[in-house]
Amino acid sequence: MKKYSKSVLKFKKIYILLIAIFVILLVLGMVLLLCFCFNDRIDVERQLDDAKNVSDDVATNSTPIIIDNLVIGATYNSRWVSANKYYFKSSNKNDYEIDVYNNSARAGTYKVNEFLTDENTVFVNTTYPNYVDEYFAIAKDSNYALTSQFNEAEIHDIDYQYVKKALGIYRIYNTTMNIKNVYSGYIDTNTPVRIISVTSNGKGLFGGVYSAIIAAYPNNNEADIVQYSYTKDLKNSDDFPLYSVEFLADLNGDGISDLVTRGVTEFNVTYNVFEYKENTFYKVLSETMKGNK
């Protein structure tokens, strides 16, 4: 019988262990690659559902958040309230005064008039004239909405690095990127943010395309995904959204800016509100204007 020294036996054990680890990693890699190959659709965003579960007392006292005559929800005492809860419970409706903001400044104080519903969607007619510019409206005399601190910025090389860092493993679906817009602003007085709207530049490795909103934080050079959607078959994906950035504003009066994005599909337009919480953005409100198929 052939005998080995302790050092040789130790080396053989390490060698076998390394081979085992390599085989495990290889198998995991193949499984992951297969998952990527057969994954036809991916949607990523962090979401909180508290707005649908507020008490009647909160809903009764809530005030509306309106974007282009669409009630996307409401707020009371920094709490979020769903559009349906607001519509059925709130006492702040007809002739209620609202402050209207467009993309550049506060437009003035107007009133909420007639309410209209389409399935589960709530619309209002207001005394604010419907100009081409998009607007949002919140309760009169709310905390100052930070629209003046949110401006379109020039695209820099660092923005591409932010996108790569945020997408992480999802970059395997499409390594190219087309940054459409970059907006700079402040979440609060000490926290600058760059909000990046990006799409794929042509089809990726598996034939698909993506659209995403990325939040980048210059203070710590970090970035993460706010919204991301990928589809392998664009022609047959009428619900695939193209995302855009709308507003950065304090909608619930807590002194911290919230982010409004828009997702446009073949037939619908969806507005989303994201609250900055625990160092990231969580979707708290979302309402869709449905078109005709």
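The values are calculated or read from the model by the stated rules, or taken from the named source; none is laboratory data. Predicted model only: the values in this text are computed from it and were never measured. Every residue, glycine as well, gets a Cβ built from its backbone with ideal geometry; the counts of neighbours run over all protein chains shown.
Screening the stretch 238-293 for strands (runs of 3 or more DSSP E) wholly inside it with 3 or more residues that are at positive phi and out of contact with any Leu (no Cβ under 7 Å at 6 or more places or on another chain) returns no ranges. For the stretch 162-190, which residues satisfy the criterion of being among the hydroxyl-bearing types (Ser, Thr, Tyr), surrounded by fewer than 17 Cβ atoms within 10 Å (Cβ to Cβ) and free of Cβ contacts under 8 Å to residues at least 40 places away in the same chain? Matches in the stretch 162-190: Thr175, Thr176, Thr189. Of all the numbered requirements in (1) without any contact (Cβ under 8 Å) to a residue 60 or more places away in the chain; (2) surrounded by fewer than 19 Cβ atoms within 10 Å (Cβ to Cβ), Ser90 misses one, and that requirement is (2). Residues of the stretch 68-99 that are closer than 19 Å to Asp49 by Cα and of a type in the set (A, V, I, L, M): Val71, Ile72, Ala74, Val81, Ala83. Can Asp254 be described as among the charged types (D, E, K, R) and buried (at least 22 other Cβ atoms within 10 Å of the Cβ)? Spelling it out, it is not the case that Asp254 is among the charged types (D, E, K, R) and buried (at least 22 other Cβ atoms within 10 Å of the Cβ). Of the numbered criteria (1) surrounded by 14 or more Cβ atoms within 10 Å (Cβ to Cβ); (2) at pLDDT 90 or above; (3) not polar (S, T, N, Q), the one Asp157 fails is (1).
Of all residues in the stretch 117-145, those that are farther than 11 Å from Leu70 by Cβ have Cβ atoms under 7 Å from Cβ atoms of residues that are part of a loop (DSSP other than H, G, I, E, B) and at pLDDT below 85, 6 or more apart or on another chain, in Asp133/Asn103; Ile138/Ala145.
Which number in (1) over 30 Å from Tyr76 (Cβ atoms); (2) among the hydrophobic types (A, V, I, L, M, F, W, C); (3) surrounded by fewer than 21 Cβ atoms within 10 Å (Cβ to Cβ) marks the one condition that Ala223 misses? It is condition (3) that Ala223 fails. Exactly one residue among Ile225, Ile213, Ile256 is within 15 Å of the chain's Cα centre (by Cα), farther than 23 Å from Asp68 by Cβ, among the aliphatic types (A, V, I, L, M) and not assigned by TED's automatic domain parsing to the domain that holds Glu134, and that residue is Ile225.
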